[in-house]
Amino acid sequence: MAIKKLSDAVVNRIAAGEVVERPASVVKELVENALDAGARRIEVVTAGGGKSLIRVSDDGRGMTRADLELAVERHCTSKLTEDDLLDIRTLGFRGEALPSIGAIAELTIASRHTDEPHGWEIAVAGGRLTPPKPAALTAGTRVEVKELFFATPARLKFLKSDRAEATAITDAVRRLALAHPSIRFALTGSDRSALDFPAATRGERISQVVGREFVSNAIPIEAEREGVRLSGLAGLPTYNRANTLQQFFFVNGRPVRDKLLLGALKGAYRDLLAGSRHPAVALFIDLDPHQVDVNVHPTKADVRFRDPGLVRGLVVGAVRQALGASGPRATTTGAARTLEALRPRGAPPPRSPHRPATAWQSSDWRASPYRPVTPTAESDTDTLPLERPAPSGFEEEQAGFADFAMPSADARGHDEAPDYPGGDAVGDMALPLGAARAQLHETYIVAQTEDGIVIVDQHAAHERLVYERLKTALATRGVARQILLIPEVIELPEEDISRLLDRADELAETGLVLEAFGPGAVAVRETPSMMGEIDIRGLVTDLADDLAEWEASTRVRDRLDHIAATMACHGSVRAGRRLKAAEMNALLRDMEATPNSGQCNHGRPTFVELKLSDIERLFGRK
């Protein structure tokens, strides 16, 4: 077949297929144009999930008639200086968005430049251009997109429901609003609930978009290394999600979904979360534009760093250091769930004037040492025990106070200091985890703080303490290695061998020693002794796959940590062991001094904190 030149209409539709994936892509491009125009207020209106209508209005600088005509031509932009593709300081610079949208939809642009007496309007429908005409407009730019994909009906069939597309638009606006907190964003339409994000500080905008609950359960991140600055909030490990929808990354004000950053975040929360859970973060990276390539993908969702190891190390180190330095801290959601479990689900049973309230007994009241005197024929019938109603507030009957179970330690307040070196009951209550007051069911430690109580799972807490000590020992004394009598030679593609050898020093620190063994092969000479007999070939192959996908691998370290976690689990205080007051308080003090003690090795919380004000509301005292 002879080579022929494609028509402009076909070229524009091909470009539209790259830039305009769905209605949310159109909203993203138009809002970014408004941001680059210096807008302080941006309003977005949609209908039919963005398929019927998208309208973006801003109060930016606007365009002249000549600029308006060029704006709908391909590869025309005002956002590059001296054609330098390495110095990108704007959100858009390709000059393809507007002509691509006009090729597959009905596009109308009205704009008024600040130096012109009136505005101008231009229209493009299916690639056909209508000349500019005067328009009434106060200031800024208004862009309307109707009947998206009407010129490419095949693409329209692959779109999701109106609700799903509206949700995607909401997510796109939320991410842009997070990146630019000083600008007001409004999102309305017949297919959605209205959103309005007033101009605010970064912390206030995170609270507006992600929620106050996230801010209350997050730790500030501030770090800088070699000109790369990282800031934002990282959620506590116990405040986690089943998916990655609450992970927000921004590079120089641009929302991104980058594999390097996602992998770095996974490494930062390694051994702090269960495998199926994901952290919530809002992290902002600022660096010299020459150190990052934002031109990797037409939608600019992916970026490429000149020094990926520097960025990854900064994210992992800063987040882990902040989490470790935060001390023991319980999430507010854990306390809320605990209070909800204790809260009565119905009104209390009415008290009969002839039957005292003490008549409400548990189903096994005869086994209780505090049961009332068994009635006799001569006794007052009003003291007969009543049938116990169904539990009205506790998740499990055995947890109810009506069971009258004897505590496994003295639950009364201690006037004297606990019997351990340096103990001071009054002083301990001022510490984060307070002073131990009781041990319930030989499993849970109840401690009193200045403004509430703390309930500690003794096994989970001690498991984390032992695990952190094992990790510290591995870091200080190194990983013991075992030399293989016969080195294991593994053949892999040359690109995988190259990636492995580039990380040879890093792998050697974890006890795995690799050497080149001719073209297309690598020899394993030493392995970590903690692992014992392992599938070396499978391990090295998995390492190569990790390096190809994430440009980094923590597989060996993860296995070592898993072994250490197993050792810590079997070597820690078990549930069912009765502890003395000195042991309980010593455990609390160790938790306060140990990083990441708020969750066990499996990602579960080690303690729950209840404020006195919440408890008083639970009992109707407030």
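Structural remarks
- Added length on full extension, which subtracts the Cα-Cα distance from 0.36 nm per residue, Arg225 to Asp87: 47.6 nm
- The percentage of C-alpha pairs in region 211-325 whose separation is greater than 17 Å is 51%.
- Here the convex hull built on the C-alpha positions of region 198-267 has a volume of 116 cubic angstrom per residue.
- Rg over Rh [alpha-carbon atoms, Kirkwood Rh] for region 132-211: 1.06
- Net dipole in debye of region 211-325 [+1 Lys, Arg Cβ; -1 Asp, Glu Cβ; about Cα centre; nearest 20]: 360 debye
- For Ile219, residues with placed amide H under 5 Å, excluding near neighbours: Ala234, Gly235, Leu236
- Cα centroid of region 1-77 to Cα centroid of region 218-288, whole Å: 30 Å
- Stretching the chain fully between Lys580 and Lys4 yields a gain of 198.6 nm (0.36 nm per residue, less the alpha carbon separation).
- Of the residues Ser498, Ser161, the one with the fewest other Cβ atoms within 10 Å heads the list, and the complete ranking is Ser161, Ser498.
- Checking every one of the chymotrypsin sites (Phe, Trp or Tyr not before Pro) in region 111-186 against DSSP loop status and a limit of 13 other Cβ atoms within 10 Å picks out Phe158.
- For Ile536, Ile3, Ile221, order by how many other beta-carbon atoms lie within 10 Å, fewest first: Ile3, Ile536, Ile221
- Pairs over the 32 Å Cα-Cα cut-off, from the set Lys5/Lys160; Lys28/Lys157; Lys471/Lys580; Lys580/Lys611: Lys5/Lys160.
- Each residue of region 3-9 was assigned a 3J(HN,Hα) from its phi angle through the Karplus curve 6.51 cos²θ - 1.76 cosθ + 1.60 (θ = phi - 60°); the sequence is 7, 9, 7, 6, 6, 4, 5 Hz, with glycine and proline shown as x.
- Phi-derived couplings, Karplus 6.51 cos²θ - 1.76 cosθ + 1.60 at θ = phi - 60°, listed residue by residue for region 135-152: 9, 8, 7, 6, 6, x, 9, 10, 10, 10, 10, 10, 6, 4, 6, 5, 7, 10 Hz, with x used for Gly and Pro.
- Under 5 Å, built H, 5+ apart or other chain: amide partners of Gly452: Leu612
- Qualifying trypsin sites (Lys or Arg not before Pro) for region 239-272 [loop in DSSP, other Cβ within 10 Å: at most 14]: Arg270
Any read-out appearing in this document is the output of simple, stated calculations on the displayed coordinates, not a laboratory observation. Just so you know, these numbers come straight off a predicted model, no measurement behind them. For neighbour counting, all protein chains shown are included, and Cβ atoms are generated from backbone atoms with ideal geometry for every residue, glycine included.
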